[in-house]
Amino acid sequence: MRHSTVGKLVTGAALLAVVVGLRVTAAPPEAQALSRPIGDIQVFATLGYPGHPGGLAVNGRTLYVSTSNADFDRLFDTSDEIWAFRLDTGGPVQTGTNPILVPRQASAQTMGLLGMALDARGRLYIADMNGRVLRVDPSTGVQDVYGMIPTNTDTSVTDMPGFVVFDAAGNLYVSDWSAPIIWRVPPGGGQAQLWFTDPRLAGTYGANVAGIALDPSGQNLYIAAATQESQIAVYRLPLAHPDAPHLQEFHRYTDFVMMPCEPDPNVQTIACALMPAFGAGGIAFGASGKLYVALFSKQQLSILRPDGSEALRFPSSDENMMLDVPVDGPFAVAFDGRGSLLVANTGDATIGKGPDGSDPPGGLVISDTWVVLDAFVNDTAAPLIRPFIP
């Protein structure tokens, strides 16, 4: 993958300029979008260090992007970030709180932030993969802990919240990447309750329950679970009957897709070789009724029809290698309102900062694979539930 090195002589101010001055390619105008083929992939925005975009949420014409540690390579960062972009121009929102820094709770944490949901007031509810759900007001940067997982030890070892979704009553459902569990945080926050568990959702550590989404009726929770090696599956579970007999398989991915890894041994090669041990990413319903699935371990995007059959999978491995920036660990997905599906691209693993905050030998590596992708699907978002929360 192409990247550039920020040397040891770069000052803190210069490094901040690298992050703030992130390269942005605006989404194409609507007139041009009409001529784009389904499955066309472009780069919407590229992030500097710490990279690894994880969660996405759209509020009006603003896209929020959270940073994650999907490659386990940012152990000693002191904070994660939430960026805001204008969907109409593709540029970062010009406020004093962009990006919002989210302090970490421990001196070493393997993971960062991931899935996000919005309430009626525009506040963000974010899965902190180290055992918490955070609430952040993007207008002020004010943040608090909204939910705690009962087994929480401030690490992702015992629980790893992944994606979050609200129901009409204000309950927040939380997927767990470390166990075949879906948690539920009551309206107003507090300790999460075990809402549903089933061995069919099991995978490996970091690949149990991934994406979750409510269908347009608001009555059924769709769940992406398990690993590529054990076959990723999407299930449907009615909110009114969260029990094993009502868990129905919606679609199963029986194929095995492996991207070629770099021959020279390095941290990126290791991350590539481990991909089959992981599973899916985020999922989202379109206004068409189709379900869009990020296949994290396959480096692909899948479109499922309302009957559960697969309408399209893209890109192929060969097509992916020809892209300027390949699909590499797709995480969250969200619609831009103009026909495109935005995709958080985890990107390359690199060596992060040391325990004392110092740069690694040779300097920080900034990868151009840390992007939000724009995949044209000619669809928009199904209505999302945004409850009034105290």
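The values are calculated or read from the model by the stated rules, or taken from the named source; none is laboratory data. Since the model is a prediction, treat every value here as computed from it, not as a measurement. Neighbour counts are summed over all protein chains in view; Cβ atoms, including those assigned to glycine, are modelled from backbone coordinates with ideal geometry. Accessible surface is based on the protein model in full, side chains and every heavy atom, while ligands, DNA and RNA are left aside. Shrake-Rupley method; radii C 1.70, N 1.55, O 1.52, S 1.80 Å.
Worth a mention:
- Percent carbon-and-sulfur accessible area, segment 96-184, ignoring ligands, DNA and RNA, probe 1.4 Å: 56
- Heavy-atom accessible area per residue - segment 51-129, 1.4 Å, Å²: 31
- J(HN,Hα) series, segment 366-377, from Karplus relation 6.51 cos²θ - 1.76 cosθ + 1.60, nearest Hz, glycine and proline x: 9, 9, 7, 8, 7, 9, 9, 8, 10, 10, 7, 10
- Filtered trypsin sites (Lys or Arg not before Pro), segment 82-184: DSSP coil and at most 12 other beta carbons within 10 Å: R121
- Assuming charge only on the beta carbon of Lys and Arg (+1) and of Asp and Glu (-1), the dipole of segment 40-154 about its Cα centre is about 280 debye to the nearest 20.
- Whole-Å distance, taken between Cα centres, linking segment 179-250 and segment 300-369: 23
- Cα-based shape type of segment 99-202, given that a ≥ b ≥ c are square roots of the gyration tensor eigenvalues and the cut on a/c is 1.5: oblate
- Distance (nanometres) between label positions extended 7 Å along Cα→Cβ at F256 and A311: 3.1
- Relative contact order (%) - criterion: Cα under 8 Å, at least six apart; region: segment 129-261: 15
- Calculated FRET efficiency, T89 to Q219, Cβ-Cβ distance, R0 = 51 Å: about 0.85 to the nearest 0.05.
- The modelled label-to-label distance between T140 and R61, using points 7 Å beyond Cα along the C-beta direction, is 2.6 nm.
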